[in-house]
1. Amide H of VAL101: which non-local residues (sequence gap of 5 or more, or other chain) have their own amide H closer than 5 Å, using H built in the peptide plane?
2. With 10 angstrom as the radius, rank ARG262, ARG307 by how many other C-beta atoms surround their C-beta, starting from the fewest.
3. Looking only at the chain, where both bridge partners belong to it, what percent of the DSSP beta bridges are antiparallel (to the nearest 5)?
4. Spelling out what I want: for every residue of region 326-340, take phi, set θ = phi - 60°, compute 6.51 cos²θ - 1.76 cosθ + 1.60 (Karplus), and round to whole Hz; glycine and proline get x.
5. What ³J(HN,Hα) values, in whole Hz, does the Karplus curve 6.51 cos²θ - 1.76 cosθ + 1.60 give for region 36-42 when θ = phi - 60°, with x put for Gly and Pro?
6. Using the basic label-point model (7 angstrom from Cα toward the beta carbon), what is the SER235 to GLU184 distance in nanometres?
7. Of the peptides 182-194, 105-117, how do they stack up when ordered by the mean number of other Cβ atoms within 10 Å, highest first?
8. Under the rule of at least 5 residues apart or a separate chain, name every residue whose amide H is placed under 5 Å from the amide H of THR125.
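Only the coordinates and a few stated rules stand behind these numbers; no lab work does. Keep in mind it's a predicted model, so treat the numbers as computed, not measured. Cβ coordinates were reconstructed from backbone atoms using ideal geometry, including for glycine residues, and neighbour counts include every protein chain displayed.
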Amino acid sequence: MTETILVDFNNPVVVGNELQYMAEAIAFAKTSGDGPFTHKASALLEKELGVPKVLLTTSCTHALEMFALLLDIQPGDEVILPSFTFVSTVNAFVLRGAKPVFADVRPDTLNLDESRLEALVTPRTKAIVPVHYAGVGCEMDAILDIAGRHAVPVAEDNAHGLFGKYKGKYLGTFGALAAQSFHETKNFSCGEGGALLINDPKYIERAEIIREKGTNRSRFFRGQVDKYTWVDVGSSYLPSDILAAYLLGQLEQREKVQSHRRKVWDFYDAALKDWAQTHEVGLPHIPAHVEQAYHMFYMLLPTLELRQAFIAHLRRRGILSVFHYLPLHLSDMGRRFGGQPGDCPVTERVSDQLVRLPFHNALAESDLQKVVDAIMEFDF
């Protein structure tokens, strides 16, 4: 029997001139990396965020890998990052031989717990990588203060947080570097894509070289050298200009997209607040000094068993909801780096409890009401 899905968890949709721009990119006959639409999308982000340089990449994973190369991560170096994050955050550094040092998260925002950060810093620490979970800013003042006292660079994983702010400043503009995601599940998408945000200009020239397969090709196209050659390590991190064209169409509609997503988030929050309090279910916490990016809406059920029953309950009613990260320190790879149960107790608990509700740019109020009605029917 075929299952009828009434409300998808995710549904990437066209919101502006994406298809027109893709057709223009094809007609222009410059569909490989760093074409006209790549430059337009990068320039839009640079202007909006106030970032010295934005380089589009094929994925957020590749932007993170560029972190490790730019920070010259070597075998034996340590990198501090939350255990509650996607595997790409850690893989980027493990690929260079680094040892991940897993930090626990705060019980309120599920972001890296800055109060436990300094104890993890050692003479081998070469980077601190905060992840702005659900597009809610980490406590960057404290993180930057600790990093500064130990002369350790900060590189932000801002996959969830484009256009979110911490104390009035855009997420992704605090560390020396930041990574963005344009995967189909993100607020703005081109299917697969990402960006490297460079806030410290000293990294710009080498980032261009790394992204162009280790060559100084970018300098050649600017007329700074009469030929280009292999000058450093690197890889092919350039997205097709067709993807950049699609992304530009999305980014141009950023106010419309963010306004819609805020309405979705506010609907869930208002409709579920009393129900959640009655049933001891946690809802997202947004500190007063943070402007979130409206990337997701999640709930924390009291137990793993209830969480699994809740997901099954919604699915029987045609509504797709999903859990999220498993603790990296307890994964097969994480244990190889010394991870043990109890190392990150908040991460271990919330990983069992968290469920994400449908959240995307195509949701109508009638869809949201279906979700809320089904939630109210769940039998504790």
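1. Close amide H contacts, sequence-distant or interchain: VAL79, ILE80, LEU81.
2. Taking fewest neighbouring Cβ atoms as first place, the list is ARG262, ARG307.
3. Taking every DSSP beta bridge with both residues in the chain, the antiparallel ones total about 60 percent.
4. 8, x, 5, 5, 9, 6, 4, 5, x, 5, 5, 9, x, x, 9
5. x, 6, 4, 5, 5, 5, 5
6. Distance between label points: 2.2 nm.
7. By packing density, highest mean first, the sequence is 182-194, 105-117.
8. Residues meeting the criterion, in which the H sits 1.01 Å from N, are GLU78.
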